[in-house]
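Structure first, commentary second.
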Amino acid sequence: MKETTTSTRALRSDSERTVHTILEAAERVLSRNPAASMEQIAEAAGVARTTVHRRFASRDALVAAMASWATRRFAEAVDAAHPETTPPLVALYQITANVLRVKIDWSFAMSLALTADREAAHVHADIEERCERLFVKAREAGVLRADVDPAWARRVYYALIHEAAQSRDADADTLAARLVDTLLRGVGTGQSLT
């Protein structure tokens, strides 16, 4: 009995690795060519086309699985920063670095995740609520000025993340430091319009 359980776990683990390998290959291939075929994805994954079809009934099923995978990685990136218990500045930096890694590594899938199923919409709504709370907490802790609207700061932050993920001119940690610095200090000299 114990041998069967170990054998079943090994097969499940091997199957999960195969699925992960296919998803990573699909990300690479579809990022370069969104019209790529299942055969091209299988070739990039180093598996037979039948293996891809056995795991994913259709190209649409594979793309949906990619979006779901990226959405889970996105949620895990935020969770790993522990924004509810970590000091706001530390949480802001850590979330930024974690999310940038996901957005850079899974850019094709992340672009799909925004329009995917209800699960993705629920995850994104939850993350938005958590981010709102983090920005309020940051203002209360003096990380953001008292007169800053947290909702506005959050929208600016999202735009900065989007741009940083597109630039890819540095690693995620460097981009995160640049982004948080830009958010908190801006790019001006402190002069006002009046």
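Some notes on this structure:
- Residue check, Ala164 hydrophobic (A, V, I, L, M, F, W, C), in contact with a Ser or Thr (Cβ under 9 Å, 6 or more places away or on another chain), assigned to a helix (DSSP H, G or I) and open to solvent by less than 70 Å² (accessible area, probe 1.4 Å): yes
- Any hit, the stretch 90-109, residues being open to solvent by less than 30 Å² (accessible area, probe 1.4 Å), in a loop (DSSP other than H, G, I, E, B) and in contact with a helix residue (DSSP H, G or I) (Cβ under 9 Å, 6 or more places away or on another chain): yes
- Inside the stretch 78-89, residues that are touching a residue at least 24 places away in the same chain (Cβ under 8 Å) and either among the charged types (D, E, K, R) or open to solvent by less than 10 Å² (accessible area, probe 1.4 Å) (or both) make up a count of 3.
- Long-range neighbours under 7 Å by Cβ, at least six apart or interchain, first residue touching a residue at least 12 places away in the same chain (Cβ under 8 Å) within the stretch 48-73, second open to solvent by 60 Å² or more (accessible area, probe 1.4 Å) and part of a helix (DSSP H, G or I): Ser68/Glu119; Thr71/Glu119
- Residue in the stretch 119-141 that is surrounded by 19 or more Cβ atoms within 10 Å (Cβ to Cβ) and outside any helix (DSSP H, G or I) present: no
The values are calculated or read from the model by the stated rules, or taken from the named source; none is laboratory data. All figures in this text were calculated on a predicted structure; none of them were measured in a lab. Note: ideal-geometry Cβ built from the backbone for every residue, glycine included; neighbour counts use all protein chains shown. Each accessible area value is taken on the protein alone, full model and side chains, heavy atoms only, with ligands, DNA and RNA left out. Shrake-Rupley method; radii C 1.70, N 1.55, O 1.52, S 1.80 Å.
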